[in-house]
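Before any comments, here is the structure.
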Amino acid sequence: MRKISYCFLFLLVFLGCGDESSNQDETVKDDIIVETGPEKEIVWEKDGKEMVLIPAGSFEMGDHFSEGEEDELPVHKVTLDAFYMDTHEVTVGQFKQFVNQTGYDYDHMWDDVAKYSPGDDYPMIYVNWNDATAYAEWAGKRLPTEAEWEYAARGGLVGQRYVWGDDEKLARDYANYEWVEGKDKWELCSPVGSFKPNGYGLYDMAGNVLEWCADRYDGNYYTNSPANNPQGREDSIYKYRVLRGGSWLALTNSLRVAYRPIDNPNSRYIYYGFRCVSGSN
């Protein structure tokens with residue numbers, strides 16, 4: 001299975017001149033190979049999900065406005081390798097496909113899922129960290145680290161509060177969150193991709209459902225985390241895992257890109273979902 005596609009353009013140029021009577025063979029042959037690099041958008045073969053390339057780079061991770069909890073500080077520089085991320089949250093239909101193909105023991109009532117995500121194009125909810133990890137492994141992907149998630153959510157913006165910038169008035173253009181107003185027509189979950197994408201072409205990085213990350217939570221991790229590709233501390237005294245992104249029930253403060261709530265990896269809830277990544281981490 002081809003997981004990451006590369007395009008190679010091979011241009012073979014033959015330039016020939018002269019004739020047989022001249023007894024001169026002046027054929028010139030140039031082989032030119034141009035590597036264009038990884039594709040910016042791909043479709044993952046296993047689960048059919050669209051993915052976008054998040055370029056390698058550095059950013060300042062954490063709460064730039066000191067508006068959140070202490071565990072969102074200090075702001076610190078992180079450098080990441082490139083990776084691919086699902087354009088949308090994993091949907092109900094895609095999770096059903098995983099369960100049907102693997103026989104995975106998903107022991108929650110599908111009727112409960114349908115109350116809040118009433119269609120195959122809605123985000124899968126009532127999933128715990130173990131469910132999300134199992135899906136990712138089946139698809140040949142993984143959950144994003146906290147650093148990858150925040151870097152991708154920022155979409156190339158520097159030091160901004162939300163995925164779209166700092167202007168809270170634009171929230172309804174980008175996020176499904178508390179109540180119904182403006183472009184937000186949904187009291188509960190909305191179909192994935194119903195709002196504007198961020199700068200990297202990712203949808204619903206604010207609102208709709210909270211998304212599980214791979215990291216095991218450590219409240220002091222930002223004070224001494226690795227500068228390159230941090231992956232959380234598996235020897236943390238905490239059993240919790242981190243979620244990101246806010247939800248359809250969230251206030252605007254919870255839509256901040258630095259917001260990092262936590263929960264037990266066995267917890268399922270009406271606004272817990274996920275998306276996957278693939279890369280070198």
Of all residues in segment 197-219, how many are among the aromatic types (Phe, Trp, Tyr) and surrounded by 24 or more Cβ atoms within 10 Å (Cβ to Cβ)? 1
Hey, TYR174 hits all of (1) under 27 Å from MET61 (Cα atoms); (2) in contact with a strand residue (DSSP E or B) (Cβ under 9 Å, 6 or more places away or on another chain); (3) without any contact (Cβ under 8 Å) to a residue 40 or more places away in the chain; (4) surrounded by fewer than 23 Cβ atoms within 10 Å (Cβ to Cβ) but one; which does it fall short on? (4)
Looking only at segment 134-157, count how many residues are without any contact (Cβ under 8 Å) to a residue 60 or more places away in the chain and part of a helix (DSSP H, G or I). 2
Of all residues in segment 244-253 being touching a Gly at 6+ places or on another chain (Cβ under 9 Å) and farther than 16 Å from GLN160 by Cβ, the one that is surrounded by the most Cβ atoms within 10 Å (Cβ to Cβ): SER247
Only one residue in TRP179, TRP138 is over 20 Å from TYR271 (Cβ atoms), surrounded by fewer than 23 Cβ atoms within 10 Å (Cβ to Cβ) and aromatic (Phe, Trp, Tyr). Which one? TRP138
So which residues in segment 102-124 are closer than 17 Å to SER267 by Cβ, within 25 Å of the chain's Cα centre (by Cα) and not in a loop (DSSP other than H, G, I, E, B), if there are any at all? VAL113, TYR116, PRO123
Which residues, taken from segment 193-236, are aromatic (Phe, Trp, Tyr) and within 18 Å of the chain's Cα centre (by Cα)? PHE195, TYR200, TYR203, TRP212
Which of the residues that make up segment 60-112 are aromatic (Phe, Trp, Tyr) and buried (at least 20 other Cβ atoms within 10 Å of the Cβ)? PHE83, TYR84, PHE95, PHE98, TYR106
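Read-outs throughout are calculated quantities, based only on the coordinates presented, and are distinct from any laboratory measurement. Quick caveat: nothing in here was measured; it's all calculated off a predicted structure. Please note: Cβ atoms are built from the backbone with ideal geometry, for glycine as well, and neighbour counts cover all protein chains shown.
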